[in-house]
Amino acid sequence: MPVPELEPDSALLAVELSEVCGTDVHLRAGRLSGVPYPLIPGHVTVGRLAAIRGALRDVNGRPFAEGDRVTFLDVHRTCNACWYCLVAKATTRCPQRRIYGITYGAADGLAGGWADTVYLRPGTHVIRLDGVDAEAFMAGGCSLPTALHAMERADSRIGDTVLILGSGPVGLSSIILARMRGALDVLCIGAPAARLDAATQVGASAVLGIEDTSPAEREAWVRDHTAGRGADVTIEAAGAPEAVAHALRFTRDGGRVVIVGQYTDHGDVAFNPHHDLNRKHLDVRGCWGSDFSHFWNAARLMARADLAEPWRRLRLERFGLARANAALDLVADGRVIKALIDPALDA
Ligand SMILES: [Zn+2]
Ligand SMILES: [Zn+2]
């Protein structure tokens, strides 16, 4: 790929680490709509600014310099002019938005993180990582802003029992954030065993394997831990459509459910609207993508050694670009806690 001539107020990023996440597995399988193949994957990335043309500033107005370590919001071109942006204030549903590594294709140039270099186009929101533990930031990866958004939607309270369905990266980050928000008990149902161990290490008070239990046994387990009522708040970060029906059932009357695991279309699911929703007086919220505030707060969290500590407990595995398919296979099977692409490993 040619290195582009820099437009005014743009930059080149020398990639240090880029993540491999479930979205990339869906991408490889052709399961995301509106994606211009071929493309360079990799949407959450850290690196150093190798070249800057014009003025590149952070949200505090401070200019960036070449050599600064940064990350950038993978969402580009949120328009701040359409009905969704201006009236609904739901910017993650802006139809103009494009995403590095997902909806920018190879025809758009160096627009993905699984590369030596990313071209940061004018209007890209760059975030300084001075004093930020970049490895912990990448251990969170896109799951961290996603989970920050989900917990914001969940609006959990001090003293709550929060149930997390799924023990992948979004589930693990949600456990940590639920604790930060004051949940006294965080229950996690997921798989495989290594990920449930990780869930315990980052703060889950009890975990249950999905592979050797029936839905009725899982419901009984949740009720055992909640005086028979169900969780105050449930975060569905599992991905299987049945998990949505289970999230409704495992939550107490008047509780809240956030659906954040259904990033691709895995089909339909049946539930009973009388028993599982209306009579329960449930508050059910979807959660799509993340915005600049979630990325910004993710970086600020990782600048605090005490708060970043749980993410440092997550095992990272680095893969060179030549081993990207092996990394995707491991992520697809849940055999790795967090896989990262490190282009220097190919050198
Ligand atoms: Zn818009
Ligand atoms: Zn991702």
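Observations on the structure shown:
- Over the chain, DSSP H runs of length four or greater, each weighted -39,500 (n - 2.57), average out per residue to a 222 nm ellipticity of -8000 deg cm²/dmol.
- For segment 49-91, with all protein chains in place and a probe radius of 1.4 Å, 50% of the accessible heavy-atom surface sits on carbon or sulfur.
- Once backbone amide H atoms are built at 1.01 Å from N, Thr45 has Phe72 as its partners under 5 Å, excluding neighbours fewer than 5 places away on the same chain.
- The H on the amide N of Leu110, modeled in the peptide plane, is under 5 Å from the matching H of Tyr119, each at least 5 residues off or on a different chain.
- Ratio of Rg to Rh over the chain (Cα coordinates, Kirkwood Rh, two decimals): 0.97
- Percent of Cα pairs in segment 29-93 per distance bin of 5 Å, from zero to the largest separation: 3, 11, 15, 18, 17, 17, 13, 5, 0.
- In this structure, the amide hydrogen of Thr234, modeled 1.01 Å from its nitrogen in the peptide plane, lies closer than 5 angstrom to those of Leu163, Arg256, Val257, Val258, counting only residues at least 5 positions away or on a different chain.
- Rounded to the nearest 20, the size of the Cβ-charge dipole of the chain about its Cα centre is 720 debye, with Lys and Arg at +1 and Asp and Glu at -1.
- Under a Gaussian network description of the chain, with springs only between Cα atoms under 10 Å, the residue in Trp311, Trp83, Trp114 that fluctuates furthest is Trp83.
- HN-Hα J in Hz across segment 94-102 - Karplus 6.51, -1.76, 1.60, θ = phi - 60°, x for Gly and Pro: 4, x, 7, 5, 10, 10, 3, x, 10
- The portion of the accessible surface of segment 99-165 made up by carbon and sulfur, rounded to a whole percent, is 47 (1.4 Å probe; DNA, RNA and ligands excluded).
- Ligands, DNA and RNA are left out, and with a 1.4 angstrom probe the accessible area of the chain is 44 Å² per residue.
- Taking Cα centre as origin and charging only the Cβ of basic (Lys, Arg, +1) and acidic (Asp, Glu, -1) residues, the dipole magnitude of segment 1-58 rounds to 160 debye.
- Using a probe radius of 1.4 angstrom, the carbon and sulfur fraction of the accessible surface of segment 259-328 is 51%.
- Percent of C-alpha pairs per 5 Å bin, segment 86-198, short to long: 2, 9, 14, 17, 17, 15, 13, 8, 3, 1, 0
- Across segment 45-113, Cα pairs under 8 Å and at least six residues apart give a relative contact order of 24 percent.
- For the pair segment 95-167 and segment 195-253, the centres of their Cα atoms are 26 angstrom apart.
- Among Cys85, Cys21, Cys142: highest mean-square fluctuation, GNM of the chain, C-alpha pairs under 10 Å: Cys85
- Residue of Ala216, Ala193, Ala305 that the Gaussian network model of the chain assigns the largest fluctuation, springs spanning Cα pairs under 10 Å: Ala216
- Leading residue at positive end of dipole, the chain (Cβ point charges), from Ala178, Leu277, Ala198: Leu277
- In sequence order, calculated HN-Hα J values of segment 54-59 (Karplus, 6.51, -1.76, 1.60; Hz; x Gly/Pro): x, 9, 10, 10, 8, 5
- Ranked from largest, the principal axis spans of the Cα set of segment 122-188 equal 42, 21, 20 Å.
- q = 0.11, 0.12 Å⁻¹, segment 154-295: log10 I(q)/I(0) [Debye, one scatterer per Cα]: -0.35, -0.42
The values are calculated or read from the model by the stated rules, or taken from the named source; none is laboratory data. Not measured: the values here are computed from a predicted model. No Cβ is skipped: glycine too gets one built from the backbone with ideal geometry, and neighbour counts run over all protein chains shown. Ligands, DNA and RNA are stripped out before the accessible areas are found, and what is left, the full protein with its side chains, is counted by its heavy atoms. Shrake-Rupley method; radii C 1.70, N 1.55, O 1.52, S 1.80 Å.
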